[in-house]
Amino acid sequence: MALALCQCLGFFLSAIGVAGITSATIMNQWSTQDLYNNPVTETFNFQGLWQSCIRDSSGYTECRSYFTILGLPAMFQAVRALMIVGIVLGAIALLISIFALKCIRIGSMEDAAKANITLTAGVMFIVAGLCAIIGVSVFGNMLVTNFWMTTSSMYTGGAISGMGGMGGLQTLQTRYTFGSALFVGWVAGGVTLIGGIMMCIACRGLMPEETKYKGVSYHVSAKSAGYKTSVYEDKSKKSIYNESRKSEDGKSYPSKYDYV
């Protein structure tokens, strides 16, 4: 009962995690404009894996898709690929793990087959969660690197331009920080990973116990008497010479062997 509950709980956690990974992938708030130095702006910029958006002070939002693939950075494309792989693996694992649930009986499927399917789905969930966590972490590392590079160039540019009386140039650069999609991706990847581990643990309990049949060997006793044909031959001969014929009326007559 406990193992069946562990399997169902792992399935539901993995389903929630895969849904979170999908939501994080299609969200546009992967990187948002940092408003630390300029809290009041007429426009607010934020970007995702597929679109870059801008929102004005009135609340109107306009998004523009990336119409290029080769023009994007390699790490950016790698993040896209990792998130897509995580979604595909998670969807396949969800589909096959439905047939492996202990509470669902489909035809004459044996417990050993369900255990193998549960293990396969659990491994796929683990890989999907790792892909999501790695993809979000790579994107976060890119943001951190760009943030400090932009900050450094802003201060350097401000000091140099300040000597020339053009210190306002440092406010023209836009810095980006973590968006809400990153946190959704981290949490969803972790939940999917935990669900996959729980399904792998439940797999061991679903395996049927192996029945061991002890073989019984039959040995002929060495002390048993052998069959001697000579004894039976002697007895048969004696019975032939000693038998007497009886007639139908019950009287016995000497046989021909009596006169020999």
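The table below gives the values:
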{"quantity": "Residue-normalised accessible area of segment 1-86, expressed per residue, 1.4 Å probe, Å²", "calculated": "59"}
{"quantity": "Radius 9 Å from Cβ of F147, net charge of other residues (Lys, Arg +1; Asp, Glu -1)", "calculated": "0"}
{"quantity": "W148 - accessible surface, heavy atoms, 1.4 Å probe, Å² rounded to 10", "calculated": "150"}
{"quantity": "Residue-wise HN-Hα coupling along segment 179-194, computed from phi with Karplus coefficients 6.51, -1.76, 1.60 (Hz; x: Gly, Pro)", "calculated": "x, 5, 5, 5, 5, 4, x, 5, 5, 5, x, x, 5, 5, 5, 5"}
{"quantity": "Potential extension, I92-E62 segment - 0.36 nm per residue separation minus Cα distance", "calculated": "7.4 nm"}
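The values are calculated or read from the model by the stated rules, or taken from the named source; none is laboratory data. These figures come from a predicted structure and were not determined experimentally. With ideal geometry, Cβ positions are generated from the backbone for all residues, glycine too; neighbour counts draw on all protein chains shown. Protein only, heavy atoms only, side chains kept; ligands, DNA and RNA dropped before computing areas. Shrake-Rupley method; radii C 1.70, N 1.55, O 1.52, S 1.80 Å.
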